[in-house]
Number of protein chains: 4
Amino acid sequence: MNAPVDPHFAARCRESFGRQKAMTLIGARLSAVEPGATEITLPYREDLTQQKGFVHGGIIGMIADTACGYAAFSLMPAGCSLVTVEYKINILAPARGSLLARGEVVKAGRSLTVARAEVYAQDGKHIASMQQTLMMLPDTPDTPQ
Amino acid sequence: MNAPVDPHFAARCRESFGRQKAMTLIGARLSAVEPGATEITLPYREDLTQQKGFVHGGIIGMIADTACGYAAFSLMPAGCSLVTVEYKINILAPARGSLLARGEVVKAGRSLTVARAEVYAQDGKHIASMQQTLMMLPDTPDTPQ
Amino acid sequence: MNAPVDPHFAARCRESFGRQKAMTLIGARLSAVEPGATEITLPYREDLTQQKGFVHGGIIGMIADTACGYAAFSLMPAGCSLVTVEYKINILAPARGSLLARGEVVKAGRSLTVARAEVYAQDGKHIASMQQTLMMLPDTPDTPQ
Amino acid sequence: MNAPVDPHFAARCRESFGRQKAMTLIGARLSAVEPGATEITLPYREDLTQQKGFVHGGIIGMIADTACGYAAFSLMPAGCSLVTVEYKINILAPARGSLLARGEVVKAGRSLTVARAEVYAQDGKHIASMQQTLMMLPDTPDTPQ
(Lines give C-alpha, C1' and ligand atoms only; values in the text may rest on other atoms or scores of the structure.)
Protein backbone atom coordinates (compact mmCIF):
# COMPACT_ATOMS: atom_id res chain seq x y z
CA MET A 1 0.00 0.00 0.00
CA ASN A 2 2.81 2.36 0.91
CA ALA A 3 5.37 2.97 -1.83
CA PRO A 4 8.84 3.87 -0.54
CA VAL A 5 10.36 7.10 -1.91
CA ASP A 6 13.86 5.78 -1.26
CA PRO A 7 14.62 2.40 -2.95
CA HIS A 8 17.35 1.81 -0.35
CA PHE A 9 14.94 2.26 2.54
CA ALA A 10 15.66 -1.12 4.14
CA ALA A 11 19.45 -0.67 4.24
CA ARG A 12 18.97 2.89 5.52
CA CYS A 13 16.70 1.67 8.34
CA ARG A 14 19.02 -1.18 9.31
CA GLU A 15 22.05 1.08 9.31
CA SER A 16 20.27 3.66 11.48
CA PHE A 17 18.95 1.01 13.87
CA GLY A 18 22.51 -0.30 14.20
CA ARG A 19 23.49 3.08 15.63
CA GLN A 20 20.83 2.89 18.38
CA LYS A 21 23.02 1.92 21.31
CA ALA A 22 19.95 1.63 23.54
CA MET A 23 18.67 -1.20 21.31
CA THR A 24 22.01 -2.97 21.70
CA LEU A 25 21.78 -2.50 25.47
CA ILE A 26 18.46 -4.32 25.70
CA GLY A 27 19.31 -6.86 22.99
CA ALA A 28 16.62 -5.83 20.49
CA ARG A 29 16.97 -6.69 16.81
CA LEU A 30 15.29 -5.14 13.74
CA SER A 31 14.09 -8.45 12.32
CA ALA A 32 12.07 -7.14 9.35
CA VAL A 33 11.67 -3.92 7.35
CA GLU A 34 9.02 -3.46 4.68
CA PRO A 35 7.78 -0.17 3.24
CA GLY A 36 5.83 1.33 6.13
CA ALA A 37 6.17 -1.71 8.39
CA THR A 38 8.79 -3.21 10.69
CA GLU A 39 9.34 -6.00 13.17
CA ILE A 40 11.55 -5.78 16.24
CA THR A 41 12.46 -8.91 18.19
CA LEU A 42 13.42 -8.80 21.86
CA PRO A 43 14.73 -12.01 23.45
CA TYR A 44 13.82 -12.37 27.11
CA ARG A 45 16.48 -11.42 29.63
CA GLU A 46 16.08 -11.21 33.37
CA ASP A 47 17.73 -7.79 33.46
CA LEU A 48 14.81 -6.33 31.47
CA THR A 49 12.24 -7.01 34.18
CA GLN A 50 10.36 -4.98 36.78
CA GLN A 51 9.75 -5.81 40.42
CA LYS A 52 7.38 -8.73 39.73
CA GLY A 53 9.59 -10.45 37.18
CA PHE A 54 7.68 -9.28 34.08
CA VAL A 55 9.32 -7.39 31.24
CA HIS A 56 9.33 -3.71 32.28
CA GLY A 57 6.52 -1.66 30.72
CA GLY A 58 9.09 0.93 29.68
CA ILE A 59 11.06 -1.73 27.81
CA ILE A 60 7.86 -2.76 26.01
CA GLY A 61 7.43 0.91 25.19
CA MET A 62 11.02 1.12 23.87
CA ILE A 63 10.57 -1.59 21.26
CA ALA A 64 7.10 -0.40 20.25
CA ASP A 65 8.43 3.18 19.94
CA THR A 66 11.32 1.99 17.78
CA ALA A 67 9.08 -0.23 15.64
CA CYS A 68 6.84 2.78 14.90
CA GLY A 69 9.86 4.98 14.25
CA TYR A 70 11.43 2.76 11.59
CA ALA A 71 8.06 2.04 9.98
CA ALA A 72 7.82 5.81 9.47
CA PHE A 73 11.49 6.19 8.53
CA SER A 74 11.16 3.53 5.81
CA LEU A 75 8.76 5.75 3.86
CA MET A 76 10.84 8.91 4.10
CA PRO A 77 13.34 10.22 1.58
CA ALA A 78 17.06 9.67 2.09
CA GLY A 79 18.78 12.59 3.78
CA CYS A 80 16.03 13.35 6.23
CA SER A 81 15.73 12.68 9.92
CA LEU A 82 12.86 11.91 12.25
CA VAL A 83 11.76 12.89 15.74
CA THR A 84 9.18 11.23 17.94
CA VAL A 85 6.54 13.79 18.86
CA GLU A 86 4.58 11.58 21.25
CA TYR A 87 3.28 8.09 21.83
CA LYS A 88 0.57 6.35 23.82
CA ILE A 89 0.74 2.72 24.82
CA ASN A 90 -1.74 0.37 26.45
CA ILE A 91 -0.22 -2.58 28.28
CA LEU A 92 -2.72 -5.38 27.67
CA ALA A 93 -1.07 -8.26 29.51
CA PRO A 94 2.07 -8.92 31.56
CA ALA A 95 4.96 -10.44 29.59
CA ARG A 96 7.45 -12.97 30.86
CA GLY A 97 9.19 -14.12 27.67
CA SER A 98 10.57 -12.91 24.36
CA LEU A 99 8.63 -10.23 22.52
CA LEU A 100 7.87 -9.20 18.97
CA ALA A 101 6.87 -5.61 18.14
CA ARG A 102 5.19 -4.92 14.79
CA GLY A 103 5.15 -1.30 13.68
CA GLU A 104 2.98 0.05 10.86
CA VAL A 105 2.35 3.46 9.35
CA VAL A 106 -1.27 4.59 9.65
CA LYS A 107 -0.77 7.82 7.71
CA ALA A 108 2.38 9.31 6.25
CA GLY A 109 1.83 13.04 5.90
CA ARG A 110 4.13 15.70 4.49
CA SER A 111 5.51 16.59 7.88
CA LEU A 112 3.75 14.34 10.42
CA THR A 113 3.38 10.57 10.34
CA VAL A 114 1.08 8.52 12.55
CA ALA A 115 2.08 4.92 13.23
CA ARG A 116 0.93 2.03 15.37
CA ALA A 117 2.69 -0.90 16.96
CA GLU A 118 1.43 -4.14 18.41
CA VAL A 119 3.59 -6.15 20.79
CA TYR A 120 3.12 -9.92 21.02
CA ALA A 121 4.52 -12.71 23.19
CA GLN A 122 5.93 -15.86 21.61
CA ASP A 123 2.65 -17.70 22.14
CA GLY A 124 0.86 -15.00 20.17
CA LYS A 125 -0.58 -13.28 23.23
CA HIS A 126 -1.27 -9.60 22.61
CA ILE A 127 0.90 -7.66 25.07
CA ALA A 128 0.60 -4.00 24.08
CA SER A 129 -0.81 -1.49 21.56
CA MET A 130 0.85 1.80 20.73
CA GLN A 131 -0.24 4.85 18.72
CA GLN A 132 2.51 7.32 17.87
CA THR A 133 3.11 10.65 16.14
CA LEU A 134 6.42 11.43 14.40
CA MET A 135 7.74 14.49 12.60
CA MET A 136 10.08 14.50 9.61
CA LEU A 137 12.97 16.92 9.63
CA PRO A 138 13.84 17.48 5.97
CA ASP A 139 17.51 17.76 4.99
CA THR A 140 18.72 16.81 8.45
CA PRO A 141 21.26 14.05 8.88
CA ASP A 142 20.17 10.98 10.87
CA THR A 143 23.54 10.97 12.67
CA PRO A 144 25.10 12.78 15.64
CA GLN A 145 25.88 16.35 14.51
CA MET B 1 -2.20 17.02 49.89
CA ASN B 2 -2.07 13.25 49.60
CA ALA B 3 -1.98 11.33 52.89
CA PRO B 4 -0.28 7.94 52.66
CA VAL B 5 -2.33 4.97 53.90
CA ASP B 6 0.85 3.04 54.67
CA PRO B 7 3.28 4.85 56.99
CA HIS B 8 6.12 2.74 55.58
CA PHE B 9 5.37 3.84 52.02
CA ALA B 10 8.87 5.18 51.32
CA ALA B 11 10.67 2.00 52.39
CA ARG B 12 8.13 -0.08 50.46
CA CYS B 13 8.70 1.96 47.29
CA ARG B 14 12.49 1.85 47.61
CA GLU B 15 12.48 -1.88 48.24
CA SER B 16 10.24 -2.49 45.22
CA PHE B 17 12.28 -0.19 42.99
CA GLY B 18 15.39 -2.12 44.05
CA ARG B 19 13.84 -5.24 42.49
CA GLN B 20 13.39 -3.52 39.10
CA LYS B 21 16.30 -5.04 37.23
CA ALA B 22 15.53 -2.88 34.20
CA MET B 23 16.23 0.23 36.30
CA THR B 24 19.58 -1.24 37.32
CA LEU B 25 20.32 -1.98 33.65
CA ILE B 26 19.92 1.66 32.65
CA GLY B 27 21.44 3.05 35.85
CA ALA B 28 18.32 4.85 37.13
CA ARG B 29 17.97 5.70 40.81
CA LEU B 30 14.86 6.49 42.88
CA SER B 31 16.21 9.72 44.33
CA ALA B 32 13.12 10.90 46.24
CA VAL B 33 9.80 9.48 47.46
CA GLU B 34 7.09 11.61 49.01
CA PRO B 35 3.42 10.71 49.43
CA GLY B 36 2.11 10.79 45.86
CA ALA B 37 5.35 12.09 44.35
CA THR B 38 8.72 10.69 43.30
CA GLU B 39 11.96 11.64 41.61
CA ILE B 40 14.05 9.35 39.45
CA THR B 41 17.56 10.32 38.40
CA LEU B 42 19.21 8.94 35.29
CA PRO B 43 22.92 9.71 34.75
CA TYR B 44 23.87 10.05 31.09
CA ARG B 45 25.46 7.03 29.44
CA GLU B 46 26.31 6.60 25.81
CA ASP B 47 24.67 3.17 25.72
CA LEU B 48 21.27 4.79 26.39
CA THR B 49 21.24 6.74 23.14
CA GLN B 50 19.48 6.47 19.80
CA GLN B 51 20.96 6.90 16.32
CA LYS B 52 21.60 10.64 16.66
CA GLY B 53 23.33 10.46 20.03
CA PHE B 54 20.35 11.66 22.09
CA VAL B 55 18.91 9.66 24.99
CA HIS B 56 16.46 7.16 23.43
CA GLY B 57 12.81 8.27 23.63
CA GLY B 58 11.96 4.85 25.02
CA ILE B 59 14.47 5.33 27.84
CA ILE B 60 12.86 8.69 28.65
CA GLY B 61 9.55 6.82 28.68
CA MET B 62 10.99 4.19 31.05
CA ILE B 63 11.95 6.64 33.78
CA ALA B 64 8.75 8.68 33.40
CA ASP B 65 6.69 5.46 33.55
CA THR B 66 8.51 4.36 36.70
CA ALA B 67 8.24 7.81 38.31
CA CYS B 68 4.45 7.73 37.80
CA GLY B 69 4.27 4.14 39.04
CA TYR B 70 5.97 4.76 42.37
CA ALA B 71 4.09 8.03 42.90
CA ALA B 72 0.92 5.92 42.68
CA PHE B 73 2.41 3.04 44.70
CA SER B 74 3.36 5.40 47.55
CA LEU B 75 -0.33 6.12 48.23
CA MET B 76 -1.48 2.51 48.18
CA PRO B 77 -1.90 0.19 51.14
CA ALA B 78 0.79 -2.38 51.95
CA GLY B 79 0.09 -5.79 50.48
CA CYS B 80 -1.22 -4.59 47.16
CA SER B 81 0.32 -4.51 43.75
CA LEU B 82 0.05 -2.20 40.77
CA VAL B 83 -0.17 -2.54 37.00
CA THR B 84 0.37 0.12 34.37
CA VAL B 85 -2.76 0.36 32.26
CA GLU B 86 -1.41 2.86 29.73
CA TYR B 87 0.71 5.96 29.35
CA LYS B 88 1.12 8.79 26.88
CA ILE B 89 4.30 10.81 26.57
CA ASN B 90 5.22 13.93 24.61
CA ILE B 91 8.91 14.35 23.87
CA LEU B 92 9.42 18.11 24.06
CA ALA B 93 13.15 18.38 23.33
CA PRO B 94 16.08 16.08 22.55
CA ALA B 95 18.22 15.16 25.57
CA ARG B 96 21.97 14.67 25.61
CA GLY B 97 22.78 14.58 29.34
CA SER B 98 21.56 13.30 32.68
CA LEU B 99 17.83 13.37 33.32
CA LEU B 100 15.45 13.86 36.23
CA ALA B 101 11.90 12.50 36.11
CA ARG B 102 9.33 13.85 38.58
CA GLY B 103 6.18 11.77 39.01
CA GLU B 104 3.03 13.01 40.72
CA VAL B 105 -0.41 11.57 41.38
CA VAL B 106 -3.22 13.55 39.75
CA LYS B 107 -6.01 11.44 41.20
CA ALA B 108 -5.85 8.34 43.36
CA GLY B 109 -9.10 6.45 42.91
CA ARG B 110 -10.29 3.25 44.54
CA SER B 111 -9.08 1.10 41.71
CA LEU B 112 -7.52 3.45 39.13
CA THR B 113 -4.90 6.13 39.67
CA VAL B 114 -3.92 8.84 37.19
CA ALA B 115 -0.40 10.24 37.46
CA ARG B 116 1.83 12.60 35.54
CA ALA B 117 5.57 12.87 35.11
CA GLU B 118 7.81 15.64 33.86
CA VAL B 119 11.32 14.90 32.66
CA TYR B 120 13.99 17.59 32.89
CA ALA B 121 17.59 17.94 31.76
CA GLN B 122 20.27 19.11 34.19
CA ASP B 123 20.01 22.69 32.93
CA GLY B 124 16.30 22.65 33.75
CA LYS B 125 15.18 22.17 30.15
CA HIS B 126 11.80 20.48 29.92
CA ILE B 127 12.35 17.21 28.03
CA ALA B 128 9.08 15.28 28.27
CA SER B 129 5.56 15.18 29.76
CA MET B 130 3.72 11.95 30.57
CA GLN B 131 0.14 11.18 31.59
CA GLN B 132 -0.47 7.67 32.90
CA THR B 133 -3.22 5.37 34.18
CA LEU B 134 -2.51 2.64 36.75
CA MET B 135 -4.68 -0.01 38.37
CA MET B 136 -4.34 -1.31 41.91
CA LEU B 137 -4.55 -5.06 42.44
CA PRO B 138 -5.68 -5.50 46.06
CA ASP B 139 -4.14 -8.31 48.12
CA THR B 140 -1.60 -9.16 45.43
CA PRO B 141 2.07 -9.41 46.31
CA ASP B 142 4.42 -6.95 44.59
CA THR B 143 6.90 -9.78 44.01
CA PRO B 144 7.40 -12.57 41.47
CA GLN B 145 4.77 -15.22 42.19
CA MET C 1 -13.59 -13.50 17.02
CA ASN C 2 -15.41 -12.01 19.99
CA ALA C 3 -18.36 -14.01 21.31
CA PRO C 4 -21.00 -11.90 23.07
CA VAL C 5 -21.92 -12.98 26.60
CA ASP C 6 -25.35 -11.41 26.25
CA PRO C 7 -27.38 -12.65 23.24
CA HIS C 8 -29.39 -9.42 23.34
CA PHE C 9 -26.25 -7.28 23.07
CA ALA C 10 -27.40 -5.38 19.96
CA ALA C 11 -30.75 -4.32 21.38
CA ARG C 12 -29.05 -3.40 24.66
CA CYS C 13 -26.52 -1.19 22.83
CA ARG C 14 -29.17 0.49 20.67
CA GLU C 15 -31.40 1.16 23.64
CA SER C 16 -28.49 2.66 25.61
CA PHE C 17 -27.33 4.75 22.64
CA GLY C 18 -30.89 6.06 22.32
CA ARG C 19 -30.55 7.53 25.81
CA GLN C 20 -27.39 9.49 24.86
CA LYS C 21 -28.91 12.95 24.44
CA ALA C 22 -25.54 14.31 23.31
CA MET C 23 -25.68 11.97 20.29
CA THR C 24 -29.15 13.30 19.44
CA LEU C 25 -27.82 16.86 19.77
CA ILE C 26 -25.13 16.31 17.12
CA GLY C 27 -27.31 14.03 14.97
CA ALA C 28 -25.19 10.87 15.30
CA ARG C 29 -26.72 7.45 14.65
CA LEU C 30 -25.57 3.98 15.76
CA SER C 31 -25.67 2.45 12.29
CA ALA C 32 -24.25 -1.00 13.07
CA VAL C 33 -23.57 -3.19 16.12
CA GLU C 34 -21.70 -6.46 15.92
CA PRO C 35 -20.06 -8.34 18.81
CA GLY C 36 -17.08 -6.14 19.67
CA ALA C 37 -17.62 -3.71 16.79
CA THR C 38 -19.84 -0.74 15.97
CA GLU C 39 -20.41 1.94 13.38
CA ILE C 40 -21.60 5.45 14.09
CA THR C 41 -22.74 7.73 11.28
CA LEU C 42 -22.64 11.51 11.55
CA PRO C 43 -24.28 13.53 8.78
CA TYR C 44 -22.56 16.86 8.10
CA ARG C 45 -24.11 19.93 9.67
CA GLU C 46 -22.72 23.44 9.67
CA ASP C 47 -23.32 23.77 13.42
CA LEU C 48 -20.75 21.02 14.10
CA THR C 49 -17.84 23.02 12.70
CA GLN C 50 -14.90 24.92 14.11
CA GLN C 51 -13.56 28.32 13.06
CA LYS C 52 -12.31 27.18 9.63
CA GLY C 53 -15.48 25.37 8.60
CA PHE C 54 -14.20 21.84 9.30
CA VAL C 55 -15.99 19.43 11.63
CA HIS C 56 -14.77 20.25 15.15
CA GLY C 57 -12.04 17.91 16.43
CA GLY C 58 -14.02 17.46 19.62
CA ILE C 59 -17.04 16.29 17.61
CA ILE C 60 -14.81 13.77 15.82
CA GLY C 61 -13.66 12.68 19.27
CA MET C 62 -17.28 12.33 20.45
CA ILE C 63 -18.28 9.84 17.77
CA ALA C 64 -15.00 7.88 18.03
CA ASP C 65 -15.39 7.76 21.83
CA THR C 66 -18.95 6.49 21.50
CA ALA C 67 -18.01 3.95 18.82
CA CYS C 68 -15.35 2.51 21.14
CA GLY C 69 -17.74 2.56 24.07
CA TYR C 70 -20.48 0.52 22.41
CA ALA C 71 -17.97 -1.88 20.87
CA ALA C 72 -16.88 -2.62 24.44
CA PHE C 73 -20.46 -2.59 25.79
CA SER C 74 -21.56 -5.18 23.20
CA LEU C 75 -19.27 -7.79 24.76
CA MET C 76 -20.31 -7.17 28.35
CA PRO C 77 -22.96 -9.02 30.33
CA ALA C 78 -26.41 -7.52 30.77
CA GLY C 79 -26.81 -5.60 34.02
CA CYS C 80 -23.43 -3.97 33.97
CA SER C 81 -22.35 -0.46 33.15
CA LEU C 82 -19.27 1.07 31.60
CA VAL C 83 -17.08 4.12 32.17
CA THR C 84 -14.53 5.65 29.83
CA VAL C 85 -11.17 5.72 31.60
CA GLU C 86 -9.31 7.64 28.90
CA TYR C 87 -8.85 8.03 25.18
CA LYS C 88 -6.26 9.31 22.75
CA ILE C 89 -7.08 10.51 19.25
CA ASN C 90 -4.97 11.55 16.30
CA ILE C 91 -6.67 13.86 13.81
CA LEU C 92 -5.23 12.74 10.47
CA ALA C 93 -7.02 15.10 8.09
CA PRO C 94 -9.57 17.93 8.24
CA ALA C 95 -13.17 16.85 7.58
CA ARG C 96 -15.81 18.86 5.77
CA GLY C 97 -18.57 16.29 5.18
CA SER C 98 -20.40 13.38 6.78
CA LEU C 99 -18.38 10.97 8.89
CA LEU C 100 -18.35 7.29 9.77
CA ALA C 101 -16.70 6.05 12.99
CA ARG C 102 -15.87 2.35 13.29
CA GLY C 103 -15.14 1.10 16.80
CA GLU C 104 -13.55 -2.25 17.57
CA VAL C 105 -12.47 -4.04 20.73
CA VAL C 106 -8.72 -4.76 20.89
CA LYS C 107 -8.86 -6.64 24.15
CA ALA C 108 -11.79 -7.31 26.46
CA GLY C 109 -10.41 -7.96 29.93
CA ARG C 110 -12.24 -8.85 33.12
CA SER C 111 -12.38 -5.27 34.27
CA LEU C 112 -10.67 -3.17 31.59
CA THR C 113 -11.32 -3.16 27.85
CA VAL C 114 -9.13 -1.53 25.21
CA ALA C 115 -10.81 -0.45 21.99
CA ARG C 116 -9.93 1.46 18.86
CA ALA C 117 -11.92 3.59 16.45
CA GLU C 118 -11.20 4.84 12.96
CA VAL C 119 -13.10 7.79 11.54
CA TYR C 120 -13.59 8.07 7.78
CA ALA C 121 -15.03 10.66 5.42
CA GLN C 122 -17.59 9.67 2.80
CA ASP C 123 -14.89 9.42 0.12
CA GLY C 124 -13.02 6.90 2.31
CA LYS C 125 -10.43 9.41 3.51
CA HIS C 126 -9.00 8.45 6.89
CA ILE C 127 -9.88 11.29 9.29
CA ALA C 128 -8.89 10.08 12.76
CA SER C 129 -7.59 7.16 14.85
CA MET C 130 -8.51 6.62 18.50
CA GLN C 131 -7.23 4.25 21.19
CA GLN C 132 -9.36 4.02 24.31
CA THR C 133 -9.52 2.35 27.73
CA LEU C 134 -12.84 1.50 29.38
CA MET C 135 -13.75 -0.05 32.72
CA MET C 136 -16.71 -2.31 33.41
CA LEU C 137 -18.77 -1.65 36.52
CA PRO C 138 -20.39 -4.99 37.37
CA ASP C 139 -23.99 -4.98 38.63
CA THR C 140 -24.44 -1.28 37.96
CA PRO C 141 -27.40 -0.08 35.95
CA ASP C 142 -26.66 1.69 32.65
CA THR C 143 -29.30 4.29 33.50
CA PRO C 144 -29.50 7.49 35.58
CA GLN C 145 -29.61 6.46 39.25
CA MET D 1 5.96 33.21 31.71
CA ASN D 2 4.78 33.15 28.11
CA ALA D 3 5.08 36.44 26.24
CA PRO D 4 2.55 36.83 23.42
CA VAL D 5 4.00 37.66 19.99
CA ASP D 6 0.75 39.31 18.96
CA PRO D 7 -0.42 42.11 21.29
CA HIS D 8 -3.98 41.58 20.05
CA PHE D 9 -3.94 37.88 20.97
CA ALA D 10 -7.02 38.05 23.19
CA ALA D 11 -9.24 39.71 20.60
CA ARG D 12 -7.93 37.30 17.95
CA CYS D 13 -8.77 34.28 20.14
CA ARG D 14 -12.24 35.58 21.02
CA GLU D 15 -13.03 36.37 17.41
CA SER D 16 -11.89 32.90 16.30
CA PHE D 17 -13.78 31.17 19.10
CA GLY D 18 -16.89 33.10 18.03
CA ARG D 19 -16.68 31.35 14.65
CA GLN D 20 -16.70 27.87 16.26
CA LYS D 21 -20.30 26.90 15.61
CA ALA D 22 -19.81 23.66 17.56
CA MET D 23 -19.10 25.72 20.69
CA THR D 24 -22.33 27.65 20.13
CA LEU D 25 -24.18 24.33 19.70
CA ILE D 26 -23.11 23.07 23.12
CA GLY D 27 -23.31 26.51 24.79
CA ALA D 28 -19.62 26.85 25.67
CA ARG D 29 -18.11 30.26 26.32
CA LEU D 30 -14.46 31.41 26.22
CA SER D 31 -14.50 33.00 29.66
CA ALA D 32 -10.81 33.97 29.94
CA VAL D 33 -7.78 34.37 27.67
CA GLU D 34 -4.31 35.05 28.99
CA PRO D 35 -1.01 34.53 27.12
CA GLY D 36 -0.72 30.75 26.95
CA ALA D 37 -3.80 30.08 29.08
CA THR D 38 -7.57 30.01 28.65
CA GLU D 39 -10.78 29.17 30.44
CA ILE D 40 -13.88 27.73 28.84
CA THR D 41 -17.16 27.60 30.72
CA LEU D 42 -19.88 25.08 29.89
CA PRO D 43 -23.25 25.49 31.63
CA TYR D 44 -25.01 22.18 32.29
CA ARG D 45 -27.70 21.18 29.82
CA GLU D 46 -29.56 17.91 29.72
CA ASP D 47 -28.95 17.56 25.98
CA LEU D 48 -25.19 17.24 26.63
CA THR D 49 -25.52 14.00 28.57
CA GLN D 50 -24.85 10.34 27.93
CA GLN D 51 -27.01 7.35 28.81
CA LYS D 52 -26.56 7.66 32.57
CA GLY D 53 -27.32 11.37 32.78
CA PHE D 54 -23.69 12.52 33.10
CA VAL D 55 -22.11 15.04 30.73
CA HIS D 56 -20.89 13.02 27.72
CA GLY D 57 -17.16 12.23 27.80
CA GLY D 58 -16.88 13.51 24.25
CA ILE D 59 -18.37 16.86 25.32
CA ILE D 60 -15.80 17.05 28.13
CA GLY D 61 -13.18 16.32 25.46
CA MET D 62 -14.58 19.11 23.23
CA ILE D 63 -14.12 21.85 25.80
CA ALA D 64 -10.72 20.57 26.94
CA ASP D 65 -9.60 20.34 23.29
CA THR D 66 -10.75 23.90 22.64
CA ALA D 67 -9.18 25.22 25.85
CA CYS D 68 -5.82 23.75 24.78
CA GLY D 69 -6.25 25.06 21.25
CA TYR D 70 -6.80 28.70 22.23
CA ALA D 71 -4.06 28.55 24.87
CA ALA D 72 -1.72 27.62 22.00
CA PHE D 73 -3.32 30.10 19.57
CA SER D 74 -2.83 32.98 22.04
CA LEU D 75 0.96 32.65 21.74
CA MET D 76 1.08 32.49 17.96
CA PRO D 77 1.63 35.34 15.54
CA ALA D 78 -1.31 36.95 13.76
CA GLY D 79 -1.94 35.52 10.32
CA CYS D 80 -1.28 31.92 11.21
CA SER D 81 -3.58 29.02 11.76
CA LEU D 82 -3.53 25.95 13.98
CA VAL D 83 -4.41 22.27 13.68
CA THR D 84 -4.91 19.74 16.44
CA VAL D 85 -2.49 16.88 15.89
CA GLU D 86 -3.75 14.67 18.72
CA TYR D 87 -5.01 14.68 22.27
CA LYS D 88 -5.32 12.28 25.17
CA ILE D 89 -7.83 12.70 27.96
CA ASN D 90 -8.40 10.91 31.25
CA ILE D 91 -11.91 11.14 32.64
CA LEU D 92 -11.36 11.28 36.40
CA ALA D 93 -14.92 11.51 37.66
CA PRO D 94 -18.47 11.65 36.24
CA ALA D 95 -19.89 15.16 35.84
CA ARG D 96 -23.49 16.18 36.35
CA GLY D 97 -23.30 19.99 36.40
CA SER D 98 -21.61 22.96 34.77
CA LEU D 99 -17.95 22.62 33.85
CA LEU D 100 -14.85 24.79 33.63
CA ALA D 101 -11.93 23.81 31.38
CA ARG D 102 -8.55 25.46 31.96
CA GLY D 103 -6.05 25.17 29.11
CA GLU D 104 -2.35 25.94 29.44
CA VAL D 105 0.64 25.74 27.13
CA VAL D 106 3.35 23.34 28.33
CA LYS D 107 5.78 24.12 25.53
CA ALA D 108 5.38 26.39 22.53
CA GLY D 109 7.77 25.20 19.85
CA ARG D 110 8.48 26.65 16.42
CA SER D 111 6.05 24.30 14.75
CA LEU D 112 4.54 22.12 17.47
CA THR D 113 2.94 23.19 20.73
CA VAL D 114 2.09 20.91 23.65
CA ALA D 115 -0.74 22.01 25.93
CA ARG D 116 -2.72 20.64 28.84
CA ALA D 117 -6.23 21.18 30.10
CA GLU D 118 -7.92 20.41 33.38
CA VAL D 119 -11.69 20.21 33.62
CA TYR D 120 -13.40 20.99 36.92
CA ALA D 121 -16.96 20.82 38.23
CA GLN D 122 -18.50 23.81 40.00
CA ASP D 123 -17.66 22.35 43.40
CA GLY D 124 -14.00 22.17 42.38
CA LYS D 125 -14.03 18.43 41.71
CA HIS D 126 -11.40 17.42 39.18
CA ILE D 127 -13.27 15.90 36.22
CA ALA D 128 -10.65 15.38 33.49
CA SER D 129 -7.01 15.91 32.43
CA MET D 130 -5.93 16.37 28.82
CA GLN D 131 -2.54 16.47 27.11
CA GLN D 132 -2.55 17.74 23.53
CA THR D 133 -0.26 18.38 20.57
CA LEU D 134 -0.95 21.17 18.07
CA MET D 135 0.81 22.29 14.90
CA MET D 136 1.08 25.87 13.66
CA LEU D 137 0.43 26.53 9.99
CA PRO D 138 2.33 29.74 9.19
CA ASP D 139 0.71 32.27 6.84
CA THR D 140 -2.56 30.38 6.73
CA PRO D 141 -5.82 32.18 7.45
CA ASP D 142 -7.81 31.01 10.47
CA THR D 143 -11.01 31.25 8.41
CA PRO D 144 -12.85 29.04 5.90
CA GLN D 145 -10.92 29.19 2.63
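Here are the numbers for this structure:
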{"read-out": "Other-chain or far-sequence residues with amide H under 5 Å of A:SER31's (modelled H)", "value": "A:GLU39, A:ILE40, A:THR41"}
{"read-out": "Three-way shape label, segment B:19-102, alpha-carbon gyration tensor, a/c 1.5", "value": "prolate"}
{"read-out": "Karplus 3J(HN,Hα) series, Hz, for segment B:133-145 with 6.51 cos²θ - 1.76 cosθ + 1.60 (x for Gly, Pro)", "value": "10, 10, 10, 7, 10, x, 6, 10, x, 8, 9, x, 7"}
{"read-out": "Other copies of B:ASN2: label-to-label distances in nm, shortest first, labels 7 Å along the beta-carbon direction", "value": "2.6, 3.2, 3.7"}
{"read-out": "Accessible surface of the protein assembly as shown [probe 1.4 Å, protein heavy atoms]: carbon and sulfur percent", "value": "56"}
{"read-out": "7 Å along Cα→Cβ, label-point gaps from D:GLY124 to other copies, nm, shortest first", "value": "3.1, 5.5, 5.6"}
{"read-out": "Pairwise burial D:C, computed as accessible area of each alone minus the pair, summed, 1.4 Å, Å²", "value": "3300"}
{"read-out": "Peptide C:100-112, shielding by other chains (average Cβ, 10 Å cutoff)", "value": "2"}
{"read-out": "Segment A:67-145: C-alpha gyration tensor shape, a/c 1.5 cut-off, then a/b vs b/c", "value": "prolate"}
{"read-out": "Amide H within-cut-off set for A:TYR44, under 5 Å, with H built and near neighbours excluded", "value": "A:SER98, A:LEU99"}
{"read-out": "For A:62-69, mean number of other protein chain Cβ atoms within 10 Å", "value": "4"}
{"read-out": "Whole-Hz ³J(HN,Hα) from phi, Karplus 6.51 cos²θ - 1.76 cosθ + 1.60, for segment C:103-116, glycine and proline x", "value": "x, 8, 7, 8, 8, 9, x, 4, 10, 9, 10, 10, 9, 10"}
{"read-out": "Euclidean distance between Cα centres, segment D:18-92 to segment A:1-68, Å", "value": "37"}
{"read-out": "Shielding by partners - mean other protein chain Cβ count within 10 Å, residues of B:42-51", "value": "5"}
{"read-out": "Inter-label distance for A:ARG96 and B:LEU137, nm, one decimal - labels placed 7 Å from Cα along Cα-to-Cβ", "value": "1.1"}
{"read-out": "With Cα atoms, 0 to 90° folded angle of helix A:9-18 axis to chain A main axis", "value": "50"}
{"read-out": "Peptide ranges C:56-63, A:116-123 listed from the most packed, as the mean C-beta count within 10 angstrom indicates", "value": "C:56-63, A:116-123"}
{"read-out": "Three-way shape call for the protein assembly as shown based on the alpha-carbon gyration tensor, with the a/c threshold at 1.5", "value": "rounded"}
{"read-out": "Karplus (6.51, -1.76, 1.60) ³J(HN,Hα), θ = phi - 60°, over segment C:33-49, in Hz, Gly and Pro reported as x", "value": "9, 10, x, x, 8, 9, 9, 10, 10, 10, x, 5, 9, 5, 7, 9, 9"}
{"read-out": "Where only alpha carbons of chain D are counted, the Rg and the Dmax (Å)", "value": "14.7, 45"}
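The values are calculated or read from the model by the stated rules, or taken from the named source; none is laboratory data. As the structure is a prediction and not an experimental result, all values here were calculated from the model. When we count neighbours, we look across all protein chains shown, and the Cβ atoms used for this are built from the backbone with ideal geometry, even at glycine. Just the protein is used for accessible areas: all its heavy atoms, side chains included, with ligands, DNA and RNA removed. Shrake-Rupley method; radii C 1.70, N 1.55, O 1.52, S 1.80 Å.
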